[in-house]
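Just below is one structure, and these are the notes that go with it.
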Amino acid sequence: MTDPRKQILLDRKGVERALSRMAREIVEQVGSPESLTLIGIHRRGVDLANWLAREIERDEAVKVATGSLDITLYRDDLMAIGPRPVVGETRLPPGGIDDRVVVIVDDVLFTGRTVRAALDELTDFGRPRRILLCVLVDRGGRELPIHADIVGKRYTVDERARIEVMVPERDGELAVTLVQGASG
């Protein structure tokens, strides 16, 4: 039975088109993909970063360095999530991030707090030449002065609603849905 509170914003084809366009925009902004590193924020940001890397590799015939960030210990609400947070793996590509153009990839940009934590963690590992932010969905509602450089789609969403990005690796499908009456 389908949930009447859920609405599909982007189906598989829509997400694929957005990701393809985003990959081209990354290359346009970076110029030379040889100095590019895509770093996904756990969890779905990692899957999206890998998808974007494959798109760029196919179009540019250049291997793109990828990695992942688990921002759990950098969250400003760490004490609120409990005494034993589950911490995942942060993995940077061989050679690190110094003097590279790093694109942080996430699924949904909302308050900006996740991105702030990602920036804090990333700079603990080195000094990139430039950092860009790439998100599949920008839903507005910022609490911090953070914006995305590359955006798949922008939606204005009530703060009680939630946008969910589904990826095949975790959810068995590729889509973006809006859940009414949810928080965050």
What is the number of the single condition among (1) touching a Lys or Arg at 6+ places or on another chain (Cβ under 8 Å); (2) within 16 Å of Pro93 (Cα to Cα) that Arg44 does not meet? (2)
Identify, please: which residue in region 142-158 is surrounded by 15 or more Cβ atoms within 10 Å (Cβ to Cβ) and assigned to a loop (DSSP other than H, G, I, E, B) and is, among those, nearest to the chain's Cα centre (by Cα)? Ala148
Looking only at region 20-70, count how many residues are assigned to a strand (DSSP E or B), farther than 19 Å from Arg129 by Cβ and touching a Ser or Thr at 6+ places or on another chain (Cβ under 6 Å). 1
Of everything in region 147-184 that's in contact (Cβ under 8 Å) with a residue 40 or more places away in the chain and among the basic types (Lys, Arg), which residue is farthest from Arg24 (Cα to Cα)? Arg170
Kindly list, by first and then second residue, each pair from a residue in region 34-55 that is under 15 Å from Arg17 (Cα atoms) to a residue that is of a type in the set (D, E, K, R) and assigned to a strand (DSSP E or B), limited to pairs with Cβ atoms under 7 Å and residues at least 6 apart or on different chains. Leu48/Asp107
Hey, any hits in region 2-19 for a residue that's assigned to a helix (DSSP H, G or I), polar (S, T, N, Q) and either at negative phi or modelled with pLDDT of 95 or more (or both)? no
How many of the residues making up region 92-118 are closer than 12 Å to Ile39 by Cα, surrounded by fewer than 19 Cβ atoms within 10 Å (Cβ to Cβ) and within 13 Å of the chain's Cα centre (by Cα)? 0
In this structure, is Val135 closer than 20 Å to Val30 by Cβ, of a type in the set (Val, Ile, Thr) and without any contact (Cβ under 8 Å) to a residue 40 or more places away in the chain? yes
Can you tell me which residue within region 71-121, out of those that are hydroxyl-bearing (Ser, Thr, Tyr) and either assigned to a strand (DSSP E or B) or under 29 Å from Thr156 (Cα atoms) (or both), is modelled with the lowest pLDDT? Tyr74
Step by step: first the residues of region 120-141, then only those that are over 27 Å from Ala175 (Cβ atoms) and either β-branched (Val, Ile, Thr) or touching a helix residue (DSSP H, G or I) at 6+ places or on another chain (Cβ under 9 Å) (or both), then the one that is surrounded by the most Cβ atoms within 10 Å (Cβ to Cβ). Which residue is that? Pro128
What is the number of the single condition among (1) surrounded by fewer than 18 Cβ atoms within 10 Å (Cβ to Cβ); (2) assigned to a loop (DSSP other than H, G, I, E, B) that Glu169 does not meet? (2)
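The values are calculated or read from the model by the stated rules, or taken from the named source; none is laboratory data. Quick caveat, the model's predicted, so the values are computed rather than measured. Here Cβ is always computed from backbone atoms with ideal geometry, including for glycine, and neighbour counts include all displayed protein chains.
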